[in-house]
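Asker: Okay, handing you the structure first.
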Amino acid sequence: MSDMSISLNTATLTHPLSQWGAERAESVVGELERGKVICLPHLAFALTEQEQTLLDPAVVDPKRKNISYQPLKDKLTGVAAAEQEPAVRALLKRHYQSSLQLIAAILPEYEQVLHTPTNSLRVHPVKAWSKSTSWRKDDSRLHVDAFPSRPNYGERILRIFTNIHPGGESRNWRVGETFPSLAARFLPRLKSYSPLSSWLQNAVGITKSRRSHYDHLMLQMHDAMKADADYQKQGPQLAIDFPTGSSWICFSDQTPHAAMGGQFMLEQTFLLPVDAMQNPQHSPLRVLEGLLGKPLI
């Protein structure tokens, strides 16, 4: 059941950009920071014949969900066979460079402040991994992104997605309500924060640094959303299909989303400091602090 307040016009902004290296266009930062998904239906990422052969689930290490690449460290993980690593690395490096060009074109305000880039190649069908994982890791359930082991202290999670399916299959998503509405809905049912628990989790290696009050709340919200079967079925939501040959951008810590179908996707992730936003009050950190009346980091 969809909330009538959610429509393509309120949840998305469509941009005509068709080239990664295009000249600077009108910035979409304002709409992005309000939680909209920026849709780029004409922004395809063409693969070479050799790269097309990488679109095979067998390329991924069976122990991993996706292939991951950290371009600044030139660190590649998740490739099943060593002989395929050079081609995968080249593909992900090229998508990273293209993503930087996209940022410069339509999000120039972020060009100098985005950091910690990570690129991934997703080749498994969504329905395959949604059936074989726990409810907490099932991304076909509406959720906002939060890092269980890597607290990010309110920094934004910006993601650029590209559908590279060679057979024309769309990527199917659901998107949900605005973050202020989401926070007001779930905040009353979240467990209280324990600094001692945060210290212990870091001490035994569960987290790479101490989890802040903010990180605790975001993880609690992520889990509460996924665990609520009624919310998944009846909560405010809208179905969106991203055709092959298209790209899209969102703050995945702010926009409730769920992947329902599709296969073969490139995903570029960046982190953004809250204070580097044009309107920091739209950030989940500032929204949660406003609702609770106290700082969370």
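Asker: Please identify, among 196, 17, 219, the residue showing maximal mean-square fluctuation in a Gaussian network model of the chain using a 10 angstrom Cα cutoff.
Answerer: 196
Asker: Just from the alpha-carbon atoms, what are the Rg and Dmax of the range 21-149 in angstroms?
Answerer: So, for the range 21-149, Rg and Dmax equal 16.5, 44 Å respectively.
Asker: Still on this structure, I have one more. What angle do you read, to the nearest 10 degrees and between 0 and 90, between the alpha-carbon axis of helix 213-227 and the longest principal axis of the chain?
Answerer: So the helix axis and the longest Cα principal axis differ by about 70 degrees.
Asker: Applying the Karplus parametrisation 6.51 cos²θ - 1.76 cosθ + 1.60 with θ = phi - 60° to the phi angles of the range 72-89, what ³J(HN,Hα) value in whole Hz is obtained for each residue in order, glycine and proline being reported as x?
Answerer: Ordered by residue, 3J(HN,Hα) equals 6, 9, 6, 9, 10, 9, x, 8, 5, 10, 4, 5, 8, 4, x, 5, 5, 4 Hz.
Asker: Using all Cα-Cα distances in the range 149-297, what percent lands in each 10 angstrom bin from 0 up to the longest?
Answerer: 10, 34, 35, 17, 3, 0
Asker: Please list, by residue number, every one of the trypsin sites (Lys or Arg not before Pro) in the range 139-202 that is coil in DSSP and has at most 15 other beta-carbon atoms within 10 Å.
Answerer: Those that pass, being in a loop and sparsely packed, are 191.
Asker: Long-range amide H contacts for residue 153: which residues qualify at under 5 Å (H placed 1.01 Å from N, peptide plane, sequence gap of 5 or more or a different chain)?
Answerer: Amide H neighbours of residue 153, under 5 Å, 5+ apart: 212, 215.
Asker: A further question follows. Under a 10 Å cutoff between Cα atoms, tell me which one of 135, 20, 248 has the largest fluctuation in the Gaussian network model of the chain.
Answerer: Of 135, 20, 248, the Gaussian network model singles out 135 as fluctuating most.
Asker: Kindly flag which residue pairs out of 233/294; 36/191; 75/208; 36/127; 36/233 have an alpha-carbon separation exceeding 27 Å in this structure.
Answerer: Going by Cα-Cα distance, 233/294; 36/191 fall outside the 27 Å limit.
Asker: Let me ask something additional. With the chain treated as a Gaussian network of Cα nodes joined by springs under 10 Å, which of 50, 254, 278 yields the largest mean-square fluctuation?
Answerer: 50
Asker: Continuing with the same structure: For the chain, what mean projected area does the convex hull of the alpha carbons give, in nm²?
Answerer: Averaging across all directions leaves 15.2 nm² for the Cα convex hull.
Here, each number is a calculation from the coordinates, and none is a lab measurement. Keep in mind the model is a prediction, meaning the values are calculated, not measured. Positions of Cβ are backbone-derived with ideal geometry, glycine not excepted, and every protein chain shown enters the neighbour counts.
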